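What follows is one structure encoded as structure tokens, with my remarks underneath.
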Ligand code: AVJ
């Protein structure tokens, strides 16, 4: 491959090549969400074992009034990092509107189609709510927001335990970055999955219907499709681990026999021995105390936790 070809590789191609070249192979979970991956993630969210979604929905129902109180009645921009399907956020929006809150809804997402679907939904349900999406990655979007002249209070939602896809150290870096785009008084409401019975955690990432396995394997299909790969999906197995000390749940894909994988679009090949793992995701779990430490380390004042009834999950409210 020539140097000029190298420099025009897509971010996806570059990331896959880097990850598969490492001694401990890894692929980033941020590439899971193509259209098939997003479908599979919806299936996961509807599995009874995947407790996270319902736990956070319960929290959103119960915390809305208190979250609104924290704005002290000032008009605000409701900024959401990662629009998703917006179901949970609608629980907040309807309660905010009922309480007479004045706010605009500004979801941030990389996916234009996710934002436009969400926009249709919002316009149908609340035609007068100002819907002002930003199609960009988190930091570019926050940057754009930062340079806009408006001085309204910001309430930033970071739902879904998406922060769990970062290691604790990376999470602090990410949240510090968010902090730098905010102003005194701004609020951050972040979903964290909590340390709990390891059997409950493992079951959430090992659903018997096999959606999680299919979700992870879809990353190999995506490489096949977009980078001309020849992964044989039936030769790969999903494997989940959970370390109750560190709180890291990790997803791996392992080949049942030796494999040589050719990525024809980027003219590279990779050898795998039998059962050589590729780490594809980390889903980090925390204690409430650890989360308070992260608030401090990333420059926020911790205000309070909102937990679900089983104490499986928290949305933690912080202020600049
Ligand atoms: C969307 C990152 C919160 O880690 O629990 C679900 C993604 N992966 N099942 C998680 C996921 C496998 C999920 N997050």
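The values are calculated or read from the model by the stated rules, or taken from the named source; none is laboratory data. As the structure is a prediction and not an experimental result, all values here were calculated from the model. Ideal geometry is used to build each Cβ from the backbone, glycine not excepted, and the neighbour counts take in all protein chains shown.
Assorted remarks:
- The number of residues in segment 4-57 being away from the ligand (no atom under 16 Å from the Cβ) and surrounded by 16 or more Cβ atoms within 10 Å (Cβ to Cβ) comes to 9.
- Residue 69 in contact with a strand residue (DSSP E or B) (Cβ under 8 Å, 6 or more places away or on another chain) and either surrounded by fewer than 21 Cβ atoms within 10 Å (Cβ to Cβ) or within 26 Å of residue 111 (Cβ to Cβ) (or both): no
- The listed residue being in contact with a helix residue (DSSP H, G or I) (Cβ under 8 Å, 6 or more places away or on another chain) and more than 14 Å from residue 189 (Cβ to Cβ), out of 52, 81: 52
- Extreme residue, farthest from residue 301 (Cα to Cα), among residues of segment 209-237 that are within 14 Å of the ligand (Cβ to nearest atom) and touching a residue at least 60 places away in the same chain (Cβ under 8 Å): 209
- On the stretch given as segment 284-320, residues that are outside any helix (DSSP H, G or I), under 16 Å from residue 187 (Cα atoms) and out of contact with any strand residue (DSSP E or B) (no Cβ under 7 Å at 6 or more places or on another chain) total 3.
- Here the condition is being touching a residue at least 24 places away in the same chain (Cβ under 8 Å), surrounded by 21 or more Cβ atoms within 10 Å (Cβ to Cβ), in a strand (DSSP E or B) and within 16 Å of the ligand (Cβ to nearest atom); of 281, 240, it holds for 281 alone.
- Among the residues of segment 163-207, those identified as within 15 Å of the ligand (Cβ to nearest atom) and part of a loop (DSSP other than H, G, I, E, B) are 166, 167, 195, 196, 205, 206, 207.
- Within segment 125-159, the set of residues being farther than 27 Å from residue 72 by Cβ and within 16 Å of the ligand (Cβ to nearest atom) comprises just one member, 137.
- For segment 119-150, the set of residues classified as in contact (Cβ under 8 Å) with a residue 12 or more places away in the chain, part of a loop (DSSP other than H, G, I, E, B) and either over 20 Å from the mean Cα position of the chain (by Cα) or farther than 26 Å from residue 28 by Cβ (or both) consists of 126, 129, 132, 150, listed by residue number.
- Residue within segment 41-54 that is in contact with a strand residue (DSSP E or B) (Cβ under 7 Å, 6 or more places away or on another chain) and at pLDDT 95 or above present: yes
- Which numbered condition residue 253 misses (of (1) closer than 30 Å to residue 189 by Cβ; (2) within 16 Å of the ligand (Cβ to nearest atom); (3) part of a strand (DSSP E or B)): (1)
- Residue 92 vs. criteria touching a strand residue (DSSP E or B) at 6+ places or on another chain (Cβ under 6 Å) and touching a residue at least 12 places away in the same chain (Cβ under 8 Å): no
- Scanning segment 253-268 turns up no residue that is without any contact (Cβ under 8 Å) to a residue 24 or more places away in the chain, under 20 Å from residue 30 (Cβ atoms) and surrounded by fewer than 19 Cβ atoms within 10 Å (Cβ to Cβ).
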